[in-house]
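Student: This is the structure, below, for whatever I ask next.
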Amino acid sequence: MKKILAVLLAAATCLSMAACSNSGSGNADGGNDGEGTGDEKIVIWTLAEDLKDFATHYEEETGKEAEVVVIAPADYPTKLNTSLGSRSDEVDIIVGEPQMLPDFFEAGFFADLSEFDADAQEKLVDYVYEAGKDDDGILRALSYQATPGSVIYRRDLATEVFGTDDPASIAQKFSSYDEILKTAEELNKAGYSIFGDTGALRWFANSDSPWVKDGALQMTDSRLGYLDAAVELYQKNYVAFAPEWSAAWYASMAGELPFNAGWSDLDELDENAPTTQVFSYIMPSWGALTIRDNAGDNKGKFGVCKGISSFFGGGTFIGVNEFSGKKEAAKEFVKFCTLNEETSEWWIDASDGDVVSMKSVLEANKDYENESFGNQKTYEFFLEEAQNVDYSLITRYDTAIGDAFGQAIEAVQKGEKDKDQALKDFYTEVQTVYPEIQIPEA
């Protein structure tokens, strides 16, 4: 990942002044002592539209100004590296998703937030607190969100095929890769697809071990089981072949969709083509909002349950630019967004269902019955799942290695390679990108 940062910095240097109009002193030393009075207008760079709402609420509650600039996720790392790589003070609040944070921390972009450490450890879900620390254990970022995962399933189809829609019973059908294959076979016989596509399984890739431990790649039995299950689901047509984020995938939440639609526009497909319905989705908690907003007449017919393992995905972590001249004002904003119970309660209402990171607020809302999910107590479920996340399974290598493993699986699914060759090529790719990692013998 150091190499990736270096490439981004090199590629973006020539665009530095064109892409970012530096309105501060921009001095190499950060402009001033970096403390400020706490009363100045702050500038926020973010990937998430959420922070517009937080900034408005902050201004209403405190009378202090906050300007928000939303940057496309694909452009954000380059823009941040370009600006902060030259120690710019044009921005005060910066953010990152969990997979970005280790490299941003190593680059020295996120200021020390140790003054909030005790408060954060007490109030926030454990994994959120852990994710915001650097390799030396120094707190540098906090999040207002928790994003624990779940299996989201169709209650009506569960009752039809399995005779029950009880979350505990359905969870057993997703408790291992073998059980998932049995479940997929039953659904297939009834005319339904277990997932939109096999990519749903990737969320369980870290179910028993980090990808890299003690400098060595961990190719566990569980990961080999993941590969085998993904191949069987694909080759036996147990999935709908509606990739995540495709038009067909969104349409599946509301009911029938053409089988094997892929990335096609639905209005371009043969209206007489075979159809299917998708039974389940494996997603972080924000996926529940996606399904709710696309369910149409199926709203209320979904439930959430556990899968093979507890996991999380995404989330916006907020920190302070190390080179800001308004650090005190910026820290006030971070604290307001992440460690204030009233703000956390406000966000549950304002977001209409986002899962917050503050344990006391999740606990206070645990009896809330979510009408979009059959009146299930979803906050109670997500609180438990968030507390079950084992952050020690997460490494800075996960995204790159996980993507490479996904490509290896796809090659086997399509018959382009056999399993042994795909694994050999996967190991070679990992070794090429990360020569410091010891790989298994082929």
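Student: Determine whether segment 318-334 contains at least one residue that is buried (at least 23 other Cβ atoms within 10 Å of the Cβ), within 23 Å of Phe381 (Cα to Cα) and in contact (Cβ under 8 Å) with a residue 60 or more places away in the chain.
Tutor: no
Student: Now a separate question. Among the residues of segment 175-190, which ones are within 26 Å of Asn260 (Cβ to Cβ) and open to solvent by 40 Å² or more (accessible area, probe 1.4 Å)? Give the derivation first.
Tutor: Here is the first cut: in segment 175-190, the ones within 26 Å of Asn260 (Cβ to Cβ) are 177-190.
Result: Asp178, Glu179, Lys182, Glu185, Glu186, Asn188, Lys189, Ala190.
Student: With the checklist (1) open to solvent by less than 50 Å² (accessible area, probe 1.4 Å); (2) at pLDDT 95 or above in hand, flag the one item Asn206 doesn't pass.
Tutor: Asn206 satisfies all of (1) open to solvent by less than 50 Å² (accessible area, probe 1.4 Å); (2) at pLDDT 95 or above except (2).
Student: Which one of Gly406, Gly374, Gly415 is among the small types (Gly, Ala, Ser), touching a residue at least 12 places away in the same chain (Cβ under 8 Å) and out of contact with any strand residue (DSSP E or B) (no Cβ under 7 Å at 6 or more places or on another chain)? I'd like the intermediate steps shown before the answer.
Tutor: Details: Gly374 fails: out of contact with any strand residue (DSSP E or B) (no Cβ under 7 Å at 6 or more places or on another chain); Gly415 fails: touching a residue at least 12 places away in the same chain (Cβ under 8 Å).
Of the residues listed, the single one that is among the small types (Gly, Ala, Ser), touching a residue at least 12 places away in the same chain (Cβ under 8 Å) and out of contact with any strand residue (DSSP E or B) (no Cβ under 7 Å at 6 or more places or on another chain) is Gly406.
Student: List every residue pair whose Cβ atoms sit under 7 Å apart, with the two residues 6 or more apart in sequence or on different chains, where the first one lies in segment 46-63 and is within 17 Å of Asn340 (Cα to Cα) and the second, anywhere, is open to solvent by 40 Å² or more (accessible area, probe 1.4 Å).
Tutor: Note: pairs meeting the criteria are Asp53/Ala350; His57/Trp346; Tyr58/Lys64; Glu59/Glu65.
Student: I'd like the full set of residues that are modelled with pLDDT of 95 or more and either out of contact with any helix residue (DSSP H, G or I) (no Cβ under 7 Å at 6 or more places or on another chain) or β-branched (Val, Ile, Thr) (or both), limited to segment 399-417.
Tutor: Within segment 399-417, Ile401, Asp403, Gln407, Ile409, Glu410, Val412, Lys414, Gly415, Glu416 meet the criteria.
Student: Confirm whether Asn365 is surrounded by 16 or more Cβ atoms within 10 Å (Cβ to Cβ), free of Cβ contacts under 8 Å to residues at least 40 places away in the same chain and not basic (Lys, Arg). Even if it seems obvious, please write down each step before you answer.
Tutor: Values: surrounded by 16 or more Cβ atoms within 10 Å (Cβ to Cβ): yes; free of Cβ contacts under 8 Å to residues at least 40 places away in the same chain: yes; not basic (Lys, Arg): yes.
The answer is yes for Asn365.
Student: Still on this structure, please answer the following. Is it the case, given these coordinates, that Ala230 is at negative phi, among the hydrophobic types (A, V, I, L, M, F, W, C) and part of a loop (DSSP other than H, G, I, E, B)?
Tutor: On the way: at negative phi: yes; among the hydrophobic types (A, V, I, L, M, F, W, C): yes; part of a loop (DSSP other than H, G, I, E, B): no.
Judged against the criteria, Ala230 is not a match.
Student: Give me a count of the residues in segment 132-174 that are of a type outside the set (Lys, Arg), open to solvent by 30 Å² or more (accessible area, probe 1.4 Å), more than 25 Å from Thr198 (Cα to Cα) and touching a residue at least 12 places away in the same chain (Cβ under 8 Å).
Tutor: 2
Student: Can you tell me which residue within segment 66-83, out of those that are open to solvent by 10 Å² or more (accessible area, probe 1.4 Å) and among the small types (Gly, Ala, Ser), is modelled with the highest pLDDT?
Tutor: Going through segment 66-83, the residues open to solvent by 10 Å² or more (accessible area, probe 1.4 Å) turn out to be 66-75, 77-79, 82.
Adding the requirement that they be among the small types (Gly, Ala, Ser) leaves 66, 72, 74.
Values: Ala66: 98, Ala72: 95, Ala74: 92.
Step by step, filter segment 66-83, then rank; the result is Ala66.
Student: In the set Ala118, Ala107, Ala111, which member is over 21 Å from the mean Cα position of the chain (by Cα), more than 27 Å from Gln376 (Cβ to Cβ) and free of Cβ contacts under 8 Å to residues at least 12 places away in the same chain? Outline the logic, then answer.
Tutor: Details: Ala107 fails: free of Cβ contacts under 8 Å to residues at least 12 places away in the same chain; Ala111 fails: free of Cβ contacts under 8 Å to residues at least 12 places away in the same chain.
On inspection, the qualifying residue turns out to be Ala118.
Student: Quick check on this structure: which one of Glu244, Glu256, Glu268, Glu232 is modelled with pLDDT under 95 and out of contact with any Pro (no Cβ under 6 Å at 6 or more places or on another chain)? Reasoning before the result, please.
Tutor: Details: Glu244 fails: modelled with pLDDT under 95; Glu256 fails: modelled with pLDDT under 95; Glu232 fails: modelled with pLDDT under 95.
After applying the criteria, what remains is Glu268.
Student: Identify the residue in segment 252-276 that is open to solvent by 30 Å² or more (accessible area, probe 1.4 Å) and in contact (Cβ under 8 Å) with a residue 24 or more places away in the chain and, among all such residues, is nearest to Gly406 (Cα to Cα).
Tutor: Out of the qualifying residues, it is Phe259.
Student: Hey, among Leu142, Leu181, which residue is under 23 Å from Asp354 (Cβ atoms) and hydrophobic (A, V, I, L, M, F, W, C)? Lay out the reasoning, then the answer.
Tutor: On the way: Leu181 fails: under 23 Å from Asp354 (Cβ atoms).
Answer to the check: Leu142.
Student: Go through Ile348, Ile308 for me and flag whichever is in a loop (DSSP other than H, G, I, E, B), of a type in the set (A, V, I, L, M, F, W, C), closer than 27 Å to Ala254 by Cα and under 21 Å from the mean Cα position of the chain (by Cα). I'd like the intermediate steps shown before the answer.
Tutor: Values: Ile348 fails: in a loop (DSSP other than H, G, I, E, B).
Just a single option satisfies the conditions, and that option is Ile308.
Student: Can you give me the ranges of the helices (runs of 4 or more DSSP H) entirely in segment 84-131 with at least 3 residues that are closer than 20 Å to Ala146 by Cα and open to solvent by 10 Å² or more (accessible area, probe 1.4 Å)?
Tutor: Values: elements: 101-107, 117-123, 126-131.
Passing ranges, in order: 117-123, 126-131.
Student: I'm trying to understand the selection: among the residues of segment 150-176, which are touching a helix residue (DSSP H, G or I) at 6+ places or on another chain (Cβ under 9 Å), among the aliphatic types (A, V, I, L, M) and not in a strand (DSSP E or B)?
Tutor: Leu157, Ala158, Val161, Ile170
Student: Hey, could you check segment 396-433 for residues that are under 26 Å from the mean Cα position of the chain (by Cα) and among the small types (Gly, Ala, Ser) and say which is surrounded by the fewest Cβ atoms within 10 Å (Cβ to Cβ)?
Tutor: Per the stated criteria, the residue is Gly402.
Student: So, one more: From the residues in segment 356-372 that are assigned to a helix (DSSP H, G or I) and at pLDDT 95 or above, which one is nearest to Tyr129 (Cα to Cα)? Reasoning before the result, please.
Tutor: Looking only at segment 356-372, we keep the residues that are assigned to a helix (DSSP H, G or I), and these are 359-364, 371-372.
Subset that is at pLDDT 95 or above: 359-364.
Numbers: Lys359: 12, Ser360: 15, Val361: 16, Leu362: 16, Glu363: 17, Ala364: 20 Å.
For segment 356-372, the residue satisfying everything is Lys359.
Student: Between Ser310, Ser344, Ser357, Ser351, which is in contact with a helix residue (DSSP H, G or I) (Cβ under 6 Å, 6 or more places away or on another chain), open to solvent by less than 60 Å² (accessible area, probe 1.4 Å) and more than 15 Å from Ala120 (Cβ to Cβ)?
Tutor: Values: Ser344 fails: more than 15 Å from Ala120 (Cβ to Cβ); Ser357 fails: more than 15 Å from Ala120 (Cβ to Cβ); Ser351 fails: in contact with a helix residue (DSSP H, G or I) (Cβ under 6 Å, 6 or more places away or on another chain).
Criteria check complete, one pass: Ser310.
Student: Within segment 233-267, which residues are of a type outside the set (Val, Ile, Thr), within 26 Å of Ser372 (Cβ to Cβ) and assigned to a loop (DSSP other than H, G, I, E, B)? Walk me through how you get there before you give the answer.
Tutor: Our first condition is that a residue be of a type outside the set (Val, Ile, Thr); within segment 233-267, this holds for 233-238, 240-267.
After this cut, where a residue has to be within 26 Å of Ser372 (Cβ to Cβ) as well, the list is 240, 242-258, 261, 266.
Passing the criteria: Ala240, Ala242, Pro243, Glu244, Trp245, Ser246, Met253, Ala254, Gly255, Glu256, Ala261.
The values are calculated or read from the model by the stated rules, or taken from the named source; none is laboratory data. Keep in mind that what you see is a predicted model, and the values were worked out from it rather than measured. With ideal geometry, Cβ positions are generated from the backbone for all residues, glycine too; neighbour counts draw on all protein chains shown. What goes into the accessible areas is simple: the full protein's heavy atoms, side chains included, and nothing from ligands, DNA or RNA. Shrake-Rupley method; radii C 1.70, N 1.55, O 1.52, S 1.80 Å.
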